[in-house]
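Q: For reference, the structure I am asking about is given below.
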Amino acid sequence: MTDHLNLHWGSAALVMIDVQNDFTTGPGRVSGTADRVREMIRLADAFRLAGQPIVHVVRSYRAGEFDVDPVRRTAVENGDALVQPGTRGADIVDGLLPTGTELDWERLRAGVPQSVGAREFVIFKPRWSAFYRTMLDEVLAADGIDTVVVAGCNLPNCPRATLFDATERDYRAVLVTDATSQATEERLADLELIGVRLRTVDDARRGLALHAAERLWRGVLETASVDALECSSGCGDWSNRDLIDHVIGGAERYRMLLDGAVEADVARTRGKDYVGERGLDSYDDYERALLEAVERADPEVMVDHRLGPRSGASLVNMRIMELVLHAADLCSGLSIEWNPTAELADYVRLECGAIIEDLRDAGTFAPARSPTSDDPGELLQAFAGRR
């Protein structure tokens, strides 16, 4: 059965709302917004490094104008205007945009999205919702987006209105709670009632990293010919077929654990021939089921892994590590180059390092070696004890 709420990180866009100086530290500051800026920047960086779209949505007022929310209209008509275009107060906070970006207020206020980087835009909105009288829907549709990830300032107003409008346009919707100001338990509960999923910045970073790892593995898998399956892989005495079978089976085992299975149940799946079911296409079937399990699982719930209890979040990181390093092993077996992005290699080395050490203690990883360069892929391979 199709779940119309599960997030698709590979077709997700970040919509960051009203993180401007006047609302953060200026005269119109919204309580708690400044405290969330660090997490907002981490979130934007995660999307940027994963190559997923980001849309920064801003508002601005010119003293005396009347095209303003009714609640602010009298004040603005009388000359009391915040975030006036061209002022420091209207600028997006430092660190959230690519370095050196200057906003083109005339074009923005005319309704023209401003490109500020690869798959990154700024859009002006005249009212609460980022969809109202803007080109946001067109920008997202042109990029094949079906999941809208919202963060920024401040939940009861613009992020909330945007989320309602996103669900009415059939987007899968998520709010990043620790990167959004004024996110009280009551307000979050209201959003869950309309199908909005609640995630943290760390959840988003894992989701984006898992998508990137899957994309890397799938790209290598698609180069594998039938003739190459029985050749030796770069992983111990496994053939390429053995390695692929292990990775496909790993998706099934992780799904079972996230769904509450115990290690004894999981162990019985280890002799199954996953490649034999549908050939290499089996990977997509099992990985899709795993992704659905990841979305419905609580990342804090402990699962019964064979190396001992670990959180669901740790299990997802283990899967990311497995896909990335076994992609390198398969590349070795296929005599092709392994090309993870620097960001993905760094994520595995830094965020999954403790897992690698656990597996090293269990005898499945060799001792770390000295890297031969500062290339992120080489640093990861060296830390993992691989040649």
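The values are calculated or read from the model by the stated rules, or taken from the named source; none is laboratory data. Predicted model only: the values in this text are computed from it and were never measured. So basically every Cβ, Gly included, is an ideal-geometry build from the backbone, and we count neighbours across all protein chains shown. Surface accessibility is based on the protein's heavy atoms, side chains included, excluding ligands, DNA and RNA. Shrake-Rupley method; radii C 1.70, N 1.55, O 1.52, S 1.80 Å.
Q: Looking only at residues in the stretch 330-354 that are touching a Cys at 6+ places or on another chain (Cβ under 7 Å) and in a loop (DSSP other than H, G, I, E, B), which one is surrounded by the most Cβ atoms within 10 Å (Cβ to Cβ)?
A: Trp338
Q: May I ask you to verify whether Arg62 is basic (Lys, Arg), over 30 Å from His211 (Cα atoms) and in a loop (DSSP other than H, G, I, E, B)? Lay out the reasoning, then the answer.
A: Working: basic (Lys, Arg): yes; over 30 Å from His211 (Cα atoms): yes; in a loop (DSSP other than H, G, I, E, B): yes.
Yes, satisfied.
Q: Among the residues of the stretch 81-99, how many are at pLDDT below 90 and farther than 27 Å from Ser11 by Cα?
A: Residues flagged as at pLDDT below 90 and farther than 27 Å from Ser11 by Cα within the stretch 81-99 amount to 1.
Q: I would also like to ask the following. Looking at (1) modelled with pLDDT of 95 or more; (2) surrounded by fewer than 18 Cβ atoms within 10 Å (Cβ to Cβ), which is the only condition Gly385 fails?
A: (1)
Q: Using beta carbons and a limit of 6 Å, which pairs, at least six apart or on different chains, have the first residue in the stretch 238-249 and closer than 18 Å to Leu216 by Cα and the second one open to solvent by less than 10 Å² (accessible area, probe 1.4 Å) and outside any helix (DSSP H, G or I)?
A: Filtered contacts from the stretch 238-249: Asp245/Tyr274; Ile248/Tyr274; Gly249/Tyr274.
Q: If a residue has to be surrounded by fewer than 23 Cβ atoms within 10 Å (Cβ to Cβ) and in contact with an Asp or Glu (Cβ under 8 Å, 6 or more places away or on another chain) to count, how many in the stretch 147-157 make the cut?
A: 1
Q: Let me ask another. State whether the residues of the stretch 281-296 include one that is surrounded by fewer than 20 Cβ atoms within 10 Å (Cβ to Cβ) and either assigned to a loop (DSSP other than H, G, I, E, B) or touching a Pro at 6+ places or on another chain (Cβ under 7 Å) (or both).
A: yes
Q: May I ask you to list pairs of residues, at least six apart or on different chains, whose Cβ atoms are under 7 Å apart, with the first in the stretch 134-146 being among the acidic types (Asp, Glu) and the second being outside any helix (DSSP H, G or I) and surrounded by fewer than 19 Cβ atoms within 10 Å (Cβ to Cβ)?
A: Cβ pairs passing all conditions: Asp137/Arg169; Asp143/Arg119; Asp146/His8.
Q: For the stretch 261-275, which positions are without any contact (Cβ under 8 Å) to a residue 12 or more places away in the chain and either touching a helix residue (DSSP H, G or I) at 6+ places or on another chain (Cβ under 8 Å) or not in a helix (DSSP H, G or I) (or both)? Walk me through how you get there before you give the answer.
A: In the first step, residues of the stretch 261-275 are kept if they are without any contact (Cβ under 8 Å) to a residue 12 or more places away in the chain; the result is 264-265, 268, 271.
Asp265, Arg268, Gly271 - these are the residues of the stretch 261-275 that are without any contact (Cβ under 8 Å) to a residue 12 or more places away in the chain and either touching a helix residue (DSSP H, G or I) at 6+ places or on another chain (Cβ under 8 Å) or not in a helix (DSSP H, G or I) (or both).
Q: Report, by residue number, each residue of the stretch 267-290 that is in contact with an Asp or Glu (Cβ under 8 Å, 6 or more places away or on another chain) and closer than 27 Å to Glu357 by Cβ.
A: Scanning the stretch 267-290 gives Thr269, Glu287, Leu290.
Q: Additional query: Which is surrounded by fewer than 14 Cβ atoms within 10 Å (Cβ to Cβ) and at pLDDT 90 or above, of Glu277, Glu222, Glu252?
A: Details: Glu277 fails: at pLDDT 90 or above; Glu252 fails: surrounded by fewer than 14 Cβ atoms within 10 Å (Cβ to Cβ).
None of the others qualify; the one that does is Glu222.
Q: Which condition from (1) within 22 Å of Val324 (Cβ to Cβ); (2) assigned to a loop (DSSP other than H, G, I, E, B); (3) modelled with pLDDT of 90 or more is the one that Gly236 breaks?
A: (3)
Q: Would you call Val58 under 20 Å from Glu106 (Cα atoms), crowded, with 17+ Cβ neighbours inside 10 Å, among the β-branched types (Val, Ile, Thr) and modelled with pLDDT under 95?
A: No: the conditions fail for Val58.
Q: Ok, one more. Considering only the stretch 79-116, state which residues are assigned to a strand (DSSP E or B) and either without any contact (Cβ under 8 Å) to a residue 24 or more places away in the chain or open to solvent by 30 Å² or more (accessible area, probe 1.4 Å) (or both).
A: Gln114, Ser115 - these are the residues of the stretch 79-116 that are assigned to a strand (DSSP E or B) and either without any contact (Cβ under 8 Å) to a residue 24 or more places away in the chain or open to solvent by 30 Å² or more (accessible area, probe 1.4 Å) (or both).
Q: In this structure, is Ala166 touching a residue at least 24 places away in the same chain (Cβ under 8 Å), surrounded by 24 or more Cβ atoms within 10 Å (Cβ to Cβ) and under 14 Å from the mean Cα position of the chain (by Cα)?
A: No.
Q: If you check Gly79, Gly95, Gly89, which single one turns out to be among the small types (Gly, Ala, Ser) and closer than 23 Å to Gln52 by Cα?
A: Gly95
Q: For the stretch 355-376, how many residues meet the condition of being part of a helix (DSSP H, G or I) and surrounded by 11 or more Cβ atoms within 10 Å (Cβ to Cβ)?
A: Matching residues across the stretch 355-376 total 7.
Q: Taking the stated definitions as given, is Ser31 within 26 Å of Ala173 (Cα to Cα), in contact (Cβ under 8 Å) with a residue 12 or more places away in the chain and loosely packed, with under 14 Cβ neighbours inside 10 Å?
A: For Ser31, the condition - within 26 Å of Ala173 (Cα to Cα), in contact (Cβ under 8 Å) with a residue 12 or more places away in the chain and loosely packed, with under 14 Cβ neighbours inside 10 Å - is met.
Q: Can you pull out the residues in the stretch 172-197 that are crowded, with 23+ Cβ neighbours inside 10 Å and not hydrophobic (A, V, I, L, M, F, W, C)?
A: Passing the criteria: Arg172, Thr180, Ser181.
Q: Sort through Glu337, Glu292 and tell me the only one that's among the acidic types (Asp, Glu) and within 25 Å of Ala261 (Cβ to Cβ).
A: When all the criteria are applied, what remains is Glu292.
Q: Hey, among Leu193, Leu108, Leu208, which residue is modelled with pLDDT of 95 or more and under 21 Å from the mean Cα position of the chain (by Cα)?
A: None of the others qualify; the one that does is Leu208.
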